[in-house]
Structure formats: C-alpha cells, structure tokens
Amino acid sequence: MKSFELYEPTSVQQAVGILAKQGNKAKPLAGGSDLVAGVMKDWVEGPGMPLPDALVDLTTIRQLHGIKVDKTGATIGATTTLTEIVESKELGEQFPLLTEAAHSIASPLIRNFGTLGGNLNQRPRCWFMRGPDFHCYKKGGDFCYSVSGDNRYHAIIGGELCYIVHPSDTATALLALNAKAKIAGPSGERTVPFDDYFTGPRVDVLRENILKPGELLTEVFIPAPAPGTRQAWAKLKNRQVYDFAVVAVAAAFTVENGNWKDGRVVLGGVAPVPYRAAVIEDQLKGKNIKSNIKQAAAAIRTVARPMSQNAYKVEVTQSMVERTILGALA
Ligand SMILES: Cc1cc2nc3c(=O)[nH]c(=O)nc-3n(C[C@H](O)[C@H](O)[C@H](O)COP(=O)(O)OP(=O)(O)OC[C@H]3O[C@@H](n4cnc5c(N)ncnc54)[C@H](O)[C@@H]3O)c2cc1C
C-alpha cells in the first residue's frame, strides 16, 4: 500500500487549511473503510484519480461528531457513524427512512466505523473503475468499459460517457428527505441542498459531487417533516448479506383523502447520482394514489435507457416504486 502522511487536526479550520495547502495530494479521512481499505489498498488510481500522499483525519475534530434533533429538524455531524444513526431513537421517530437506509448498509462492523460523511462521499463501486486493468474515464482514460463489457449493475438513467451508479444509500434517503449539506472550505461555509450536491459524468467525469479541493462536508441538516408525512425505504440486493443496492427506493410524501399532496421519490442504484424521479411524482400530484400508482411507476420507462444486460433493472424499479409507495399507505 502507498505510504502517506497522517494529519490529526482538532478544528475544521485546521483541516481546511491542510487540505487547501496540499491540493489534490491530500484527502479527508473518516472511517477509512472506502478510502484506505478500498481505494488505497487496491491502488485504484490513474492520472485523473491520483492516490493521496496525505490524509487529514476528521475523526479527531469533536465539532464534526454528533446528532441533534429539535422541532426544526435534525443536524448530524459528518463523522457520526452509521451505527449511531441507526441507534438514535430520536432520528428513528422523525426520520425512519434514514434509519432504515443506514441499517441496510454494509455489515455491523463497517457501520461501527463508517461515517455519514464517508458514506455520502465514497467513490463508486464500478468493477471497471476499481479493477487494475481498466484505464477508464474515471481514471483519466477515454473509454467506459461497461459499454461493451459486463454492465449488469450499471446505470439505466443519466449515464452517457460513464455509467457508474451512485453507491450511497444514505444519499438516496437524504435526497428524499429534502436534506441539506453544510460545507466548509478556504472561502468559508456554504449550505447546499442535496438536490445539487451530487454531480454526474456530464458535469465532470472525474468526480461525483460539488466539493472543491480544500472543501469538506461538515454536517447534514434534515428539516422536520410535515405532520403525517409517510416515509418508506426499499432496497434490492443481489444477495442476502451485506451488499450495495441493485435498486433502492426512498419515498417521503403527504397524503390528503387518499391523494398525493406533496413529496419526493428518489431512486438509488440506477444512475450516477441519487435520482429524483420527478417523472413519477408528477404523475401522482393531486391524484388518488391507489388508482394511479401503476401508471405513475411505469413512467420510469420514459427516462430509462438500459444497456445490453441491465434492462431487468427497469422492471425491478417500476415494481419496487409501486410496492414501496403502496406499502407506506397501509
Ligand atoms: C463490504 C462493504 C459493503 C458496503 N455496502 C454498502 C451499502 O450497502 N450501502 C452503502 O451505502 N455503502 C456501502 N458500503 C460503503 C460504506 O458504507 C462506506 O465505505 C462507508 O460509509 C464510508 O465511510 P468512511 O467513514 O469509512 O469513509 P472513508 O473511507 O474515510 O471516506 C470515503 C470517501 O469520502 C471522503 N470523505 C470522508 N468524509 C468526508 C467529509 N466529511 N467531507 C468530504 N469528504 C469526505 C474521503 O476522502 C473518501 O474519498 C460498503 C462498504 C464495504 C467495504
């Protein structure tokens, strides 16, 4: 494994200072389950994806850790572990969707040290990107090997150029809950809705989010849901042990007399970013859910462009959306 300098700052300002000075030679480190145990140990690198010479440990910054829930919503520090999220009674009461999504991630051991910030910013799991023999777009190459290779688990929506799917389950849930990211960087702090946080290959094929060099995610804010909001999470995995989503559905919506009032349907495992299925929401708005859900779920076909081996994902997504939304009504 490549050797590296380890920095242990005690404040966000110190961390930002080190990251800004080192440029793309340094990376923030949280639990290390993806960055160290995955990317660095497996030497996943290329001109567009250099391995870092320095890691800036965020778990030594107390300010970045913890969960606060009040009437306005929940604030979760970036280094809060997935287990802490799963075990938070207050989060479970207000945001069962997030609790379930976090619980569906990896194994208890990984959830014990994997953090929310790390989960949201982890790199894609595409087997070509992670494989040593494929100099793909993500590593500075000029080809996506999934186009002619095994693309069973690749994107069915919004691919083009590179067909990764976003790996983070908490990202799918947080988008459905209309959450926001707080970012700290050399020019101060900014808050960005998760709707705008993740970026696809068309924006920049070398990255998956808007973070600039020197910036880090400090906390996540989830607004308190409107009274009576239905929340639901469903995740299909290839095997009944820890695994990433083949397809995930996160829905949060309000209902009036059986009609869809307002809400969000977000899909994981289908696109390079967590995909807000506005095409489904639009079909439901103001309408009776039970009588319209079939047609609404089928609207996913109007945006899906499957590859040679993953058309099954379109069928799966359609039926999972239908079942998840009906399940939340019961
Ligand atoms: C076997 C296995 C199964 C898994 N299954 C799932 C699954 O089903 N669903 C799922 O969602 N995930 C899954 N994961 C991914 C796992 O959840 C992530 O590895 C973990 O959440 C990353 O957290 P970490 O704290 O260890 O991140 P790290 O490895 O420390 O960091 C990951 C990336 O995020 C960056 N980063 C970390 N914190 C910040 C921050 N605050 N601001 C900016 N950048 C930051 C790092 O620089 C790095 O690039 C799985 C992983 C493994 C190994």
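Quick check: net charge around Gly114, other residues with Cβ under 13 Å of its Cβ, Lys/Arg +1 and Asp/Glu -1?
-2
Taking springs between alpha-carbon atoms closer than 10 angstrom, which of Thr172, Thr115, Thr229 fluctuates most in the Gaussian network model of the chain?
Highest fluctuation among the options: Thr229.
Could you check the simple spin-label distance between Gln240 and Asn24, using points 7 Å along Cα→Cβ, in nm with one decimal?
The modelled label-to-label distance comes out at 4.5 nm.
Only helices at least 30 Å long along their axis, Cα-based, and averaging -1.0 or more on Kyte-Doolittle count here, so list those DSSP H runs from the chain.
Helices meeting the criterion: none.
Toward the positive end of the charge dipole of region 1-137, about the Cα centre and with charges on Cβ (Lys, Arg +1; Asp, Glu -1), which of Cys136, Ala78, Leu58 goes farthest?
Cys136
Excluding Lys182 itself, what net charge comes from residues whose Cβ is under 12 Å from its Cβ, given Lys and Arg +1 and Asp and Glu -1?
-1
Could you list, in their original order, any pairs among Lys138/Lys290; Lys71/Lys287; Lys89/Lys182 whose Cα atoms are separated by more than 32 Å?
Lys138/Lys290
Grab every C-alpha pair in region 17-56, bin the distances at 5 angstrom width from 0 up to the longest one, and report whole percents.
Taking every Cα pair in region 17-56, the percentages come to 6, 25, 31, 24, 12, 2.
Taking K and R as +1 and D and E as -1, what net charge do the other residues with C-beta under 10 Å from the C-beta of Leu35 add up to?
That sum, taken over residues with Cβ under 10 Å, equals +2.
Please list the radius of gyration and Dmax for region 1-144, considering alpha-carbon atoms only, with Å as the unit.
Every Cα atom of region 1-144 included, Rg and Dmax give 16.8, 51 Å.
Over the Cα atoms of region 171-330, what Rg and Dmax result, in angstrom?
Computed over the Cα atoms of region 171-330, radius of gyration and Dmax are 16.7, 52 Å.
Relative contact order for the chain using alpha-carbon pairs under 8 Å, separation at least 6, rounded to a whole percent?
Reported relative contact order: 17 percent.
If the elastic network links every pair of Cα atoms under 10 Å, which of Ser33, Ser148, Ser88 fluctuates the most in the Gaussian network model of the chain?
Maximum fluctuation in the GNM of the chain, among the listed residues, is at Ser148.
Projecting each Cα onto the charge dipole of the chain (Lys/Arg +1, Asp/Glu -1 at the beta carbon, about the Cα centre), which of Pro227, Gln14, Ile325 comes out farthest on the positive side?
Ile325
Give a quick list of trypsin sites (Lys or Arg not before Pro) in region 63-117 that DSSP marks as loop, anything other than H, G, I, E or B, with at most 16 other Cβ atoms within 10 Å.
Lys71
Kirkwood hydrodynamic radius for the chain: how many Å is it when counted over pairs of different Cα atoms?
So the Kirkwood estimate lands at 20.2 Å.
Read-outs throughout are calculated quantities, based only on the coordinates presented, and are distinct from any laboratory measurement. Worth saying up front: this structure is predicted, and the values here are computed from it rather than measured. Counting neighbours? That spans all protein chains shown, and the Cβs are built from the backbone with ideal geometry, glycine included.
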